[in-house]
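Undergrad: Have a look at this one.
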Amino acid sequence: MIDVNDLHKSYGKNEVLKGVNVNINRGEVVVVIGPSGSGKSTFLRCLNLLEVPTSGTILVDNQDITSKKVNIDKVREKMGMVFQQFNLFPHKTVYQNIVHAPMRVKGTKQQEAKVLAEELLKKVGLSEKIQAFPSSLSGGQLQRIAIARALAMKPEVMLFDEPTSALDPEMVGEVLAVMKDLAREGMTMVVVTHEMGFAKEVGDRILFMDQGKIMEENNPKEFFEHPKHPRTIDFLSKVL
Amino acid sequence: MNFSFLGQYSSFYLTGAYITIALAVIAVVLGTILGVALTLLRRTRFKPLKLLGDIYVEFIRGTPLLAQIYIIYIGVPIIFSGSDIPDFAVGAIALSLNAAAYISETIRSGIDAVSIGQMEAARSLGMTQRQTMFDIILPQAFKNILPALGNQFIGSIKDSSIVSIIGVAELMYKSTIVRGNTALGLEPILVASLGYLIMTFTLAQLLGVVERRLKTSDRR
(Lines give C-alpha, C1' and ligand atoms only; values in the text may rest on other atoms or scores of the structure.)
Protein backbone atom coordinates (compact mmCIF):
# COMPACT_ATOMS: atom_id res chain seq x y z
CA MET A 1 0.00 0.00 0.00
CA ILE A 2 2.86 2.35 0.84
CA ASP A 3 6.06 1.95 -1.11
CA VAL A 4 9.04 4.06 -0.02
CA ASN A 5 12.03 4.23 -2.34
CA ASP A 6 15.44 5.70 -1.51
CA LEU A 7 14.02 8.36 0.79
CA HIS A 8 16.42 11.13 1.78
CA LYS A 9 15.80 14.10 4.03
CA SER A 10 18.28 16.82 4.97
CA TYR A 11 17.98 19.90 7.11
CA GLY A 12 20.69 22.07 5.64
CA LYS A 13 23.87 20.00 5.88
CA ASN A 14 22.41 17.61 8.41
CA GLU A 15 21.20 14.47 6.61
CA VAL A 16 18.56 12.81 8.78
CA LEU A 17 17.35 10.14 6.36
CA LYS A 18 19.99 8.48 4.21
CA GLY A 19 18.08 6.31 1.80
CA VAL A 20 15.13 4.52 3.36
CA ASN A 21 13.44 1.70 1.42
CA VAL A 22 10.36 -0.03 2.76
CA ASN A 23 7.04 -1.54 1.67
CA ILE A 24 4.03 -1.42 3.91
CA ASN A 25 1.29 -3.85 3.01
CA ARG A 26 -2.41 -3.43 3.61
CA GLY A 27 -3.48 -4.71 7.02
CA GLU A 28 0.08 -4.86 8.31
CA VAL A 29 1.29 -3.42 11.61
CA VAL A 30 4.81 -2.10 11.16
CA VAL A 31 6.62 -0.97 14.28
CA VAL A 32 9.61 1.36 13.92
CA ILE A 33 12.10 1.40 16.76
CA GLY A 34 15.55 2.84 17.25
CA PRO A 35 17.56 5.29 19.35
CA SER A 36 16.52 8.94 19.46
CA GLY A 37 17.89 10.90 16.55
CA SER A 38 17.81 7.84 14.32
CA GLY A 39 15.33 9.52 11.97
CA LYS A 40 12.31 7.33 12.76
CA SER A 41 9.95 10.22 13.47
CA THR A 42 11.17 12.10 10.41
CA PHE A 43 10.56 8.96 8.34
CA LEU A 44 7.00 8.68 9.66
CA ARG A 45 6.30 12.37 9.07
CA CYS A 46 7.49 12.03 5.49
CA LEU A 47 4.78 9.43 4.84
CA ASN A 48 2.07 12.10 4.92
CA LEU A 49 4.40 14.86 3.81
CA LEU A 50 4.43 16.81 7.08
CA GLU A 51 8.13 16.70 6.24
CA VAL A 52 8.93 17.16 2.57
CA PRO A 53 11.57 14.64 1.48
CA THR A 54 14.75 15.96 -0.10
CA SER A 55 14.71 13.11 -2.61
CA GLY A 56 13.18 9.71 -3.20
CA THR A 57 9.63 8.61 -3.86
CA ILE A 58 6.70 7.60 -1.67
CA LEU A 59 4.01 5.65 -3.49
CA VAL A 60 0.64 5.49 -1.76
CA ASP A 61 -1.69 3.20 -3.71
CA ASN A 62 0.75 3.49 -6.63
CA GLN A 63 0.60 7.28 -6.65
CA ASP A 64 3.82 9.20 -5.96
CA ILE A 65 2.77 11.69 -3.30
CA THR A 66 6.04 13.62 -3.56
CA SER A 67 4.93 14.73 -7.03
CA LYS A 68 3.79 18.35 -7.19
CA LYS A 69 0.72 17.29 -9.19
CA VAL A 70 -0.72 15.27 -6.33
CA ASN A 71 -3.26 16.96 -4.07
CA ILE A 72 -1.71 16.08 -0.73
CA ASP A 73 -4.85 17.05 1.20
CA LYS A 74 -6.70 14.23 -0.56
CA VAL A 75 -3.93 11.75 0.28
CA ARG A 76 -3.93 12.83 3.93
CA GLU A 77 -7.65 12.11 4.19
CA LYS A 78 -6.83 8.43 4.03
CA MET A 79 -3.81 8.62 6.35
CA GLY A 80 -4.63 9.30 9.98
CA MET A 81 -1.90 10.56 12.27
CA VAL A 82 -1.50 10.49 16.03
CA PHE A 83 1.10 12.75 17.64
CA GLN A 84 3.26 12.49 20.73
CA GLN A 85 1.79 15.77 22.03
CA PHE A 86 -1.84 14.83 21.14
CA ASN A 87 -2.47 18.20 19.46
CA LEU A 88 -6.18 18.26 20.16
CA PHE A 89 -7.83 21.58 19.31
CA PRO A 90 -8.12 23.32 22.71
CA HIS A 91 -10.88 25.70 21.61
CA LYS A 92 -13.18 22.83 20.57
CA THR A 93 -15.02 20.22 22.61
CA VAL A 94 -14.23 16.53 22.27
CA TYR A 95 -17.25 16.19 19.96
CA GLN A 96 -16.14 19.11 17.79
CA ASN A 97 -12.57 17.80 17.69
CA ILE A 98 -13.83 14.54 16.23
CA VAL A 99 -16.44 15.78 13.75
CA HIS A 100 -14.78 18.96 12.53
CA ALA A 101 -12.64 17.46 9.78
CA PRO A 102 -15.25 14.97 8.45
CA MET A 103 -17.87 17.73 8.25
CA ARG A 104 -15.55 20.38 6.85
CA VAL A 105 -13.46 18.25 4.50
CA LYS A 106 -15.83 15.48 3.45
CA GLY A 107 -19.13 17.28 3.96
CA THR A 108 -20.42 14.67 6.39
CA LYS A 109 -23.92 15.63 7.59
CA GLN A 110 -24.52 16.58 11.21
CA GLN A 111 -26.70 13.55 11.91
CA GLU A 112 -24.16 11.13 10.51
CA ALA A 113 -21.28 12.93 12.24
CA LYS A 114 -22.99 12.59 15.60
CA VAL A 115 -23.43 8.84 15.17
CA LEU A 116 -19.80 8.58 14.06
CA ALA A 117 -18.53 10.51 17.10
CA GLU A 118 -20.59 8.40 19.50
CA GLU A 119 -19.33 5.19 17.90
CA LEU A 120 -15.70 6.27 18.03
CA LEU A 121 -15.92 7.50 21.61
CA LYS A 122 -17.43 4.19 22.62
CA LYS A 123 -14.57 2.44 20.88
CA VAL A 124 -11.95 4.39 22.87
CA GLY A 125 -14.02 4.13 26.05
CA LEU A 126 -14.74 7.83 26.55
CA SER A 127 -18.43 8.19 25.70
CA GLU A 128 -19.10 10.32 28.78
CA LYS A 129 -16.53 12.96 27.71
CA ILE A 130 -18.30 13.97 24.51
CA GLN A 131 -18.99 17.55 25.64
CA ALA A 132 -15.76 18.03 27.59
CA PHE A 133 -13.01 20.43 26.60
CA PRO A 134 -9.51 18.96 26.17
CA SER A 135 -8.24 21.05 29.10
CA SER A 136 -10.27 18.89 31.50
CA LEU A 137 -8.86 15.55 30.30
CA SER A 138 -5.82 13.50 31.32
CA GLY A 139 -3.00 12.67 28.92
CA GLY A 140 -4.24 9.15 28.30
CA GLN A 141 -7.75 10.41 27.60
CA LEU A 142 -6.41 13.11 25.28
CA GLN A 143 -4.49 10.57 23.26
CA ARG A 144 -7.50 8.26 22.96
CA ILE A 145 -9.58 11.21 21.73
CA ALA A 146 -6.80 12.04 19.28
CA ILE A 147 -6.99 8.48 17.94
CA ALA A 148 -10.79 8.79 17.64
CA ARG A 149 -10.35 12.10 15.81
CA ALA A 150 -7.97 10.53 13.30
CA LEU A 151 -10.29 7.54 12.82
CA ALA A 152 -13.21 9.87 12.11
CA MET A 153 -11.80 10.47 8.63
CA LYS A 154 -12.06 6.70 8.04
CA PRO A 155 -8.39 6.41 7.09
CA GLU A 156 -6.88 3.39 5.38
CA VAL A 157 -3.67 3.66 7.35
CA MET A 158 -2.82 5.11 10.75
CA LEU A 159 0.54 6.68 11.57
CA PHE A 160 1.54 6.82 15.24
CA ASP A 161 4.41 9.10 16.23
CA GLU A 162 5.52 7.99 19.71
CA PRO A 163 1.92 8.03 20.95
CA THR A 164 2.76 7.08 24.53
CA SER A 165 6.04 8.96 25.06
CA ALA A 166 4.42 12.01 26.64
CA LEU A 167 2.19 9.99 28.96
CA ASP A 168 2.50 9.17 32.64
CA PRO A 169 3.39 5.47 32.97
CA GLU A 170 -0.01 4.47 34.36
CA MET A 171 -1.75 5.88 31.27
CA VAL A 172 0.33 4.08 28.67
CA GLY A 173 -1.72 0.91 28.94
CA GLU A 174 -5.09 2.45 28.07
CA VAL A 175 -3.68 3.98 24.87
CA LEU A 176 -1.89 0.79 23.83
CA ALA A 177 -5.11 -1.15 24.42
CA VAL A 178 -6.95 1.05 21.92
CA MET A 179 -4.12 0.55 19.43
CA LYS A 180 -4.22 -3.21 19.91
CA ASP A 181 -7.96 -3.21 19.17
CA LEU A 182 -7.27 -1.29 15.99
CA ALA A 183 -4.61 -3.75 14.92
CA ARG A 184 -6.94 -6.65 15.59
CA GLU A 185 -9.56 -5.05 13.33
CA GLY A 186 -7.05 -5.15 10.50
CA MET A 187 -6.06 -1.49 10.36
CA THR A 188 -2.82 -0.81 8.52
CA MET A 189 -0.54 0.85 11.06
CA VAL A 190 2.92 2.36 11.18
CA VAL A 191 3.97 2.89 14.76
CA VAL A 192 7.06 4.71 15.98
CA THR A 193 7.46 3.74 19.61
CA HIS A 194 9.72 2.83 22.50
CA GLU A 195 7.22 0.27 23.80
CA MET A 196 9.04 -3.00 23.13
CA GLY A 197 6.22 -5.04 24.67
CA PHE A 198 3.76 -3.58 22.19
CA ALA A 199 6.18 -4.16 19.30
CA LYS A 200 6.59 -7.82 20.24
CA GLU A 201 2.93 -8.50 20.82
CA VAL A 202 1.20 -6.49 18.08
CA GLY A 203 3.80 -5.87 15.39
CA ASP A 204 3.80 -7.93 12.21
CA ARG A 205 7.18 -6.55 11.34
CA ILE A 206 9.83 -4.56 13.22
CA LEU A 207 12.00 -1.95 11.53
CA PHE A 208 15.12 -0.97 13.40
CA MET A 209 16.39 2.45 12.38
CA ASP A 210 19.71 4.00 13.22
CA GLN A 211 21.65 6.89 11.69
CA GLY A 212 18.99 7.59 9.08
CA LYS A 213 18.77 4.06 7.72
CA ILE A 214 16.82 0.90 8.31
CA MET A 215 19.51 -1.33 9.79
CA GLU A 216 17.43 -4.43 10.24
CA GLU A 217 13.88 -5.61 9.67
CA ASN A 218 12.25 -8.84 10.64
CA ASN A 219 9.21 -10.41 12.28
CA PRO A 220 9.05 -9.71 16.03
CA LYS A 221 10.03 -13.21 17.09
CA GLU A 222 13.18 -13.36 14.99
CA PHE A 223 13.97 -9.72 15.61
CA PHE A 224 13.93 -9.89 19.39
CA GLU A 225 15.29 -13.43 19.76
CA HIS A 226 17.93 -13.43 17.06
CA PRO A 227 18.94 -9.87 16.21
CA LYS A 228 21.63 -9.86 13.54
CA HIS A 229 23.06 -6.39 13.14
CA PRO A 230 25.54 -5.33 15.87
CA ARG A 231 23.71 -1.99 16.24
CA THR A 232 20.45 -3.85 16.87
CA ILE A 233 22.06 -6.11 19.46
CA ASP A 234 23.59 -3.09 21.16
CA PHE A 235 20.27 -1.20 21.16
CA LEU A 236 18.23 -4.14 22.42
CA SER A 237 20.68 -4.81 25.21
CA LYS A 238 20.02 -1.28 26.45
CA VAL A 239 16.24 -1.24 26.26
CA LEU A 240 15.25 -4.77 27.21
CA MET B 1 -13.08 76.85 36.80
CA ASN B 2 -16.13 77.81 34.85
CA PHE B 3 -18.31 75.05 33.38
CA SER B 4 -21.40 77.18 32.83
CA PHE B 5 -20.96 76.73 29.05
CA LEU B 6 -22.09 73.10 29.41
CA GLY B 7 -25.76 74.03 29.54
CA GLN B 8 -25.52 75.67 26.14
CA TYR B 9 -23.05 73.25 24.51
CA SER B 10 -23.89 69.80 25.86
CA SER B 11 -25.76 68.61 22.77
CA PHE B 12 -22.98 70.13 20.66
CA TYR B 13 -20.48 67.92 22.49
CA LEU B 14 -22.77 64.92 22.18
CA THR B 15 -22.93 65.09 18.38
CA GLY B 16 -19.13 65.25 18.42
CA ALA B 17 -19.02 62.14 20.60
CA TYR B 18 -21.25 60.29 18.14
CA ILE B 19 -18.85 61.10 15.31
CA THR B 20 -15.92 59.94 17.44
CA ILE B 21 -17.66 56.64 18.19
CA ALA B 22 -18.53 56.18 14.50
CA LEU B 23 -14.91 56.81 13.50
CA ALA B 24 -13.60 54.41 16.13
CA VAL B 25 -16.07 51.64 15.25
CA ILE B 26 -15.25 51.90 11.55
CA ALA B 27 -11.51 51.97 12.28
CA VAL B 28 -11.75 48.89 14.49
CA VAL B 29 -14.03 46.81 12.24
CA LEU B 30 -12.43 47.76 8.94
CA GLY B 31 -8.98 47.72 10.55
CA THR B 32 -9.50 44.18 11.84
CA ILE B 33 -10.75 42.89 8.48
CA LEU B 34 -7.90 44.59 6.65
CA GLY B 35 -5.51 43.49 9.39
CA VAL B 36 -6.41 39.82 8.89
CA ALA B 37 -6.10 40.23 5.11
CA LEU B 38 -2.74 41.93 5.56
CA THR B 39 -1.54 39.15 7.86
CA LEU B 40 -2.48 36.50 5.30
CA LEU B 41 -0.83 38.56 2.57
CA ARG B 42 2.40 38.63 4.57
CA ARG B 43 2.29 34.87 5.01
CA THR B 44 1.98 33.97 1.33
CA ARG B 45 4.75 32.11 -0.38
CA PHE B 46 4.53 34.59 -3.27
CA LYS B 47 7.41 36.92 -2.38
CA PRO B 48 6.31 40.18 -4.11
CA LEU B 49 2.97 40.17 -2.25
CA LYS B 50 4.70 39.44 1.03
CA LEU B 51 7.13 42.29 0.39
CA LEU B 52 4.25 44.63 -0.40
CA GLY B 53 2.61 43.76 2.91
CA ASP B 54 5.84 44.22 4.84
CA ILE B 55 6.51 47.62 3.25
CA TYR B 56 2.97 48.75 4.02
CA VAL B 57 3.27 47.83 7.69
CA GLU B 58 6.70 49.43 8.02
CA PHE B 59 5.43 52.62 6.38
CA ILE B 60 2.41 52.91 8.66
CA ARG B 61 4.43 52.12 11.78
CA GLY B 62 7.26 54.43 10.81
CA THR B 63 5.34 57.59 9.92
CA PRO B 64 3.06 59.78 12.05
CA LEU B 65 -0.69 59.27 11.80
CA LEU B 66 -0.95 63.01 11.21
CA ALA B 67 1.19 62.71 8.08
CA GLN B 68 -0.84 59.72 6.86
CA ILE B 69 -4.07 61.66 7.26
CA TYR B 70 -2.67 64.57 5.23
CA ILE B 71 -1.36 62.21 2.55
CA ILE B 72 -4.81 60.68 2.07
CA TYR B 73 -6.63 64.01 2.46
CA ILE B 74 -4.52 65.70 -0.18
CA GLY B 75 -3.35 62.70 -2.21
CA VAL B 76 -6.61 60.93 -2.95
CA PRO B 77 -8.27 63.89 -4.73
CA ILE B 78 -5.12 64.25 -6.87
CA ILE B 79 -5.14 60.59 -7.92
CA PHE B 80 -8.90 60.46 -8.50
CA SER B 81 -9.08 64.00 -9.86
CA GLY B 82 -12.41 65.70 -9.46
CA SER B 83 -13.76 63.17 -7.01
CA ASP B 84 -15.25 64.67 -3.89
CA ILE B 85 -14.77 62.43 -0.87
CA PRO B 86 -16.35 63.68 2.36
CA ASP B 87 -13.90 64.60 5.12
CA PHE B 88 -15.50 62.04 7.42
CA ALA B 89 -14.78 59.25 4.92
CA VAL B 90 -11.18 60.39 4.51
CA GLY B 91 -10.75 60.37 8.29
CA ALA B 92 -12.35 56.93 8.65
CA ILE B 93 -10.23 55.46 5.86
CA ALA B 94 -7.02 56.92 7.26
CA LEU B 95 -7.75 55.57 10.74
CA SER B 96 -8.68 52.14 9.35
CA LEU B 97 -5.57 51.86 7.22
CA ASN B 98 -3.47 52.87 10.20
CA ALA B 99 -5.16 50.44 12.59
CA ALA B 100 -4.86 47.60 10.04
CA ALA B 101 -1.06 47.71 10.13
CA TYR B 102 -0.89 47.54 13.92
CA ILE B 103 -3.61 44.90 14.13
CA SER B 104 -1.80 42.81 11.53
CA GLU B 105 1.34 42.89 13.67
CA THR B 106 -0.68 41.83 16.71
CA ILE B 107 -2.36 38.98 14.83
CA ARG B 108 1.00 37.81 13.55
CA SER B 109 2.31 37.48 17.09
CA GLY B 110 -0.88 35.63 18.04
CA ILE B 111 -0.51 33.17 15.17
CA ASP B 112 3.14 32.55 16.04
CA ALA B 113 2.08 31.71 19.59
CA VAL B 114 -0.20 28.86 18.43
CA SER B 115 1.87 25.69 18.49
CA ILE B 116 2.98 24.20 15.19
CA GLY B 117 1.36 20.93 16.30
CA GLN B 118 -2.09 22.48 15.81
CA MET B 119 -1.29 23.19 12.17
CA GLU B 120 0.13 19.69 11.71
CA ALA B 121 -2.85 17.99 13.33
CA ALA B 122 -5.32 19.87 11.14
CA ARG B 123 -3.34 19.28 7.95
CA SER B 124 -2.90 15.58 8.78
CA LEU B 125 -6.71 15.32 8.85
CA GLY B 126 -6.86 16.49 5.26
CA MET B 127 -7.84 20.08 5.99
CA THR B 128 -6.49 22.62 3.51
CA GLN B 129 -4.12 25.43 4.47
CA ARG B 130 -7.04 27.84 4.34
CA GLN B 131 -9.42 25.73 6.43
CA THR B 132 -6.66 25.20 8.98
CA MET B 133 -5.99 28.92 9.22
CA PHE B 134 -9.60 30.01 9.64
CA ASP B 135 -10.95 27.10 11.71
CA ILE B 136 -8.03 26.19 13.92
CA ILE B 137 -5.26 28.79 14.03
CA LEU B 138 -7.03 32.16 13.91
CA PRO B 139 -9.64 31.40 16.62
CA GLN B 140 -6.84 30.43 19.00
CA ALA B 141 -4.69 33.35 17.90
CA PHE B 142 -7.52 35.83 18.56
CA LYS B 143 -8.00 34.44 22.02
CA ASN B 144 -4.31 34.92 22.73
CA ILE B 145 -4.21 38.50 21.51
CA LEU B 146 -7.50 39.81 22.86
CA PRO B 147 -5.84 42.02 25.50
CA ALA B 148 -3.48 43.48 22.89
CA LEU B 149 -6.37 44.01 20.48
CA GLY B 150 -8.26 45.77 23.27
CA ASN B 151 -5.39 48.21 23.61
CA GLN B 152 -5.50 48.76 19.88
CA PHE B 153 -9.24 49.47 19.97
CA ILE B 154 -8.78 51.96 22.80
CA GLY B 155 -5.97 53.53 20.81
CA SER B 156 -8.31 53.90 17.83
CA ILE B 157 -10.79 55.89 19.91
CA LYS B 158 -8.05 58.27 21.02
CA ASP B 159 -6.37 58.46 17.60
CA SER B 160 -9.65 59.56 16.05
CA SER B 161 -9.09 62.95 17.70
CA ILE B 162 -6.33 63.65 15.19
CA VAL B 163 -8.71 63.76 12.23
CA SER B 164 -10.07 67.02 13.68
CA ILE B 165 -7.29 68.74 11.75
CA ILE B 166 -9.02 68.00 8.44
CA GLY B 167 -12.28 69.38 9.75
CA VAL B 168 -14.13 66.23 10.81
CA ALA B 169 -16.50 67.47 13.50
CA GLU B 170 -15.72 64.90 16.17
CA LEU B 171 -15.30 65.45 19.87
CA MET B 172 -11.93 67.18 19.79
CA TYR B 173 -12.97 69.46 16.92
CA LYS B 174 -16.08 70.46 18.84
CA SER B 175 -14.13 71.26 21.98
CA THR B 176 -11.82 73.50 19.96
CA ILE B 177 -14.85 75.42 18.70
CA VAL B 178 -16.21 75.74 22.22
CA ARG B 179 -12.86 77.09 23.35
CA GLY B 180 -13.05 79.74 20.64
CA ASN B 181 -16.63 80.70 21.40
CA THR B 182 -16.28 80.86 25.18
CA ALA B 183 -12.70 82.12 25.39
CA LEU B 184 -12.03 79.43 28.01
CA GLY B 185 -8.65 77.71 27.63
CA LEU B 186 -8.85 74.62 29.77
CA GLU B 187 -12.41 73.68 30.65
CA PRO B 188 -13.73 72.64 27.20
CA ILE B 189 -10.73 70.30 26.79
CA LEU B 190 -11.38 68.80 30.21
CA VAL B 191 -14.96 68.06 29.17
CA ALA B 192 -13.75 66.41 25.93
CA SER B 193 -11.18 64.39 27.88
CA LEU B 194 -13.85 63.15 30.22
CA GLY B 195 -15.85 62.11 27.13
CA TYR B 196 -12.91 60.08 25.80
CA LEU B 197 -12.34 58.54 29.21
CA ILE B 198 -15.96 57.39 29.46
CA MET B 199 -15.72 55.75 26.01
CA THR B 200 -12.40 54.01 26.60
CA PHE B 201 -13.33 52.89 30.10
CA THR B 202 -16.62 51.40 28.89
CA LEU B 203 -14.82 49.57 26.10
CA ALA B 204 -12.19 48.25 28.52
CA GLN B 205 -14.92 46.84 30.76
CA LEU B 206 -16.68 45.18 27.81
CA LEU B 207 -13.43 43.60 26.67
CA GLY B 208 -12.84 42.36 30.19
CA VAL B 209 -16.20 40.57 30.11
CA VAL B 210 -15.46 38.98 26.72
CA GLU B 211 -12.05 37.82 27.94
CA ARG B 212 -13.51 36.16 31.02
CA ARG B 213 -16.19 34.48 28.89
CA LEU B 214 -13.60 32.97 26.58
CA LYS B 215 -11.48 31.83 29.49
CA THR B 216 -14.29 29.91 31.17
CA SER B 217 -15.24 28.08 27.98
CA ASP B 218 -11.72 26.84 27.53
CA ARG B 219 -8.92 26.77 30.04
CA ARG B 220 -5.56 25.66 28.85
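Undergrad: Please state the Cα pair-distance histogram of the range B:20-170 with 5 angstrom bins from zero: what percent is in each bin?
TA: 2, 10, 17, 19, 18, 14, 9, 7, 4, 2, 1
Undergrad: Shielding by partners for B:113-123, please: the mean number of other protein chain Cβ atoms within 10 Å of each residue's Cβ.
TA: Details: counts 0, 1, 3, 3, 6, 6, 2, 8, 14, 6, 7.
Shielding by partners across B:113-123 averages 5.
Undergrad: Moving on to the next point. Among the aspartates and glutamates, which fall within straight-line cross-link reach of A:Lys9, defined as a Cα-Cα distance under 15 Å, with same-chain neighbours fewer than 8 residues apart omitted?
TA: Correct list for A:Lys9: A:Glu51, A:Asp210.
Undergrad: For chain A, what value does the Rg/Rh ratio take when both radii are computed over Cα atoms and Rh is the Kirkwood radius, given to two decimals?
TA: Numbers: Rg = 17.9 Å, Rh = 18.5 Å.
The Rg/Rh ratio comes out at 0.97.
Undergrad: Is any residue of the range B:85-105 close enough, with backbone N under 16 Å, to a label point placed 7 angstrom from the Cα of B:Ala37 along the Cα-Cβ axis, and if so, which?
TA: In the range B:85-105, the label zone of B:Ala37 (backbone N under 16 Å from the point 7 Å along Cα→Cβ) covers B:92-105.
Undergrad: Counting every Cα pair in the range A:31-158, what percent are over 17 Å apart? Intermediate values should be presented prior to the final figure.
TA: Details: 5028 of 8128 pairs.
Counting pairs separated by more than 17 Å, the tail of P(r) holds 62 percent.
Undergrad: As a quick test, which of the pairs A:Lys40/B:Lys143; A:Lys13/A:Lys106; B:Lys50/B:Lys215; A:Lys106/B:Lys143 have an alpha carbon distance above 30 angstrom in this structure?
TA: A:Lys40/B:Lys143; A:Lys13/A:Lys106; B:Lys50/B:Lys215
Undergrad: Can you tally the net charge around B:Met199? Count Lys and Arg as +1, Asp and Glu as -1, for every other residue whose Cβ sits under 13 Å from the Cβ of B:Met199. Could the numbers behind the result be given before it?
TA: Details: positive: B:Lys158; negative: B:Asp159, B:Glu170.
Local net charge: -1.
Undergrad: Hey, another quick one. Would you mind getting me the FRET efficiency between A:Asn71 and B:Phe134? Use the beta-carbon distance for r and R0 = 22 Å, nearest 0.05. List each step's numbers first, then the result.
TA: On the way: r = 19 Å, r/R0 = 0.87.
It comes out at approximately 0.70.
Undergrad: Same structure, new question: Give me the one-decimal Kirkwood hydrodynamic radius in Å for the protein assembly as shown, with the sum taken over alpha-carbon pairs.
TA: Final number for the Kirkwood radius of the protein assembly as shown is 26.1 Å.
Undergrad: Can I ask one more? If packing is taken as the average number of other Cβ atoms within 10 Å across a peptide's residues, how do A:8-20, B:139-151 rank, most packed first?
TA: By packing density, highest mean first, the sequence is B:139-151, A:8-20.
Undergrad: Straight-line reach from A:Lys114: which aspartates and glutamates have a Cα under 20 Å away, not including same-chain ones fewer than 8 places off?
TA: In chain and number order, the partners are A:Glu77, A:Glu128, B:Asp135.
Undergrad: How large is the direction-averaged shadow of the alpha-carbon convex hull of the range A:125-171, in nm²?
TA: Averaged projected area of the range A:125-171's Cα convex hull equals 3.9 nm².
Undergrad: Name all residues of the range B:168-201 having a backbone nitrogen under 16 Å from the label point set 7 Å from the Cα of B:Thr15 along its Cα→Cβ direction, giving them as ranges.
TA: Label zone hits: B:168-179, B:181.
Undergrad: Then there is this: Could you pull out which residues in the range B:26-51 have an amide N less than 17 Å from a spot 7 Å beyond the Cα of B:Ser83, following the Cα-Cβ vector?
TA: none
Undergrad: Over the whole of A:42-55, what's the average partner chain Cβ count within 10 Å per residue? Rounded to a whole number, please.
TA: Per residue, the average neighbour count from other chains is 1.
Undergrad: What distance in nm lies between label points placed 7 Å from Cα along the C-beta direction at B:Leu66 and B:Met1?
TA: Result for the modelled spin labels: 2.8 nm.
Undergrad: Can I ask one more? Please give the Cα centre distance for the range A:1-50 versus the range B:20-47, rounded to the nearest Å.
TA: Here the two parts' Cα centres lie 42 Å apart.
Undergrad: Counting only other chains, and only Cβ atoms inside 10 Å, what mean value do you get across the residues of A:100-110?
TA: Working: counts 6, 9, 2, 0, 9, 6, 1, 0, 0, 0, 0.
Rounded to a whole number, the mean comes out at 3.
Undergrad: Need the full-extension length gain, B:Gln8 to B:Leu49, defined as separation in residues times 0.36 nm minus the C-alpha distance. One decimal, nm.
TA: Stretched fully, the B:Gln8-B:Leu49 segment lengthens by 9.4 nm.
Undergrad: Sum -39500 (n - 2.57) across every DSSP H segment of at least 4 residues in chain B, then divide by the residue count to get the 222 nm mean residue ellipticity, nearest 500.
TA: Using -39500 (n - 2.57) per qualifying helix, the result is -27000 deg cm²/dmol.
Undergrad: Arrange the residues A:Asp234, B:Asp84 by how much accessible surface each exposes, largest first, with a 1.4 angstrom probe.
TA: B:Asp84, A:Asp234
Undergrad: For every helix of n ≥ 4 consecutive DSSP H residues, a contribution of -39,500 (n - 2.57) applies; sum these over chain A, divide by its total residues, and give [θ] at 222 nm rounded to the nearest 500 deg cm²/dmol.
TA: Working: 9 runs with 88 residues, N = 240.
That calculation yields -10500 deg cm²/dmol at 222 nm.
Undergrad: Shifting gears a bit: Quickly rank B:50-58, A:201-209, B:99-107, A:121-129 as a protection proxy: mean count of other C-beta atoms within 10 Å, highest first. Don't skip to the answer; put the middle values down first.
TA: Numbers: B:50-58: 14.9, A:201-209: 21.1, B:99-107: 23.2, A:121-129: 16.6.
Result, highest mean first: B:99-107, A:201-209, A:121-129, B:50-58.
The values are calculated or read from the model by the stated rules, or taken from the named source; none is laboratory data. Everything numeric in this text was worked out from a predicted model, so none of it was measured. Note that we place each Cβ from the backbone using ideal geometry, even for glycine, and neighbour counts take in every protein chain shown. All accessible areas refer to the heavy atoms of the entire protein, side chains included, with ligands and DNA or RNA removed. Shrake-Rupley method; radii C 1.70, N 1.55, O 1.52, S 1.80 Å.
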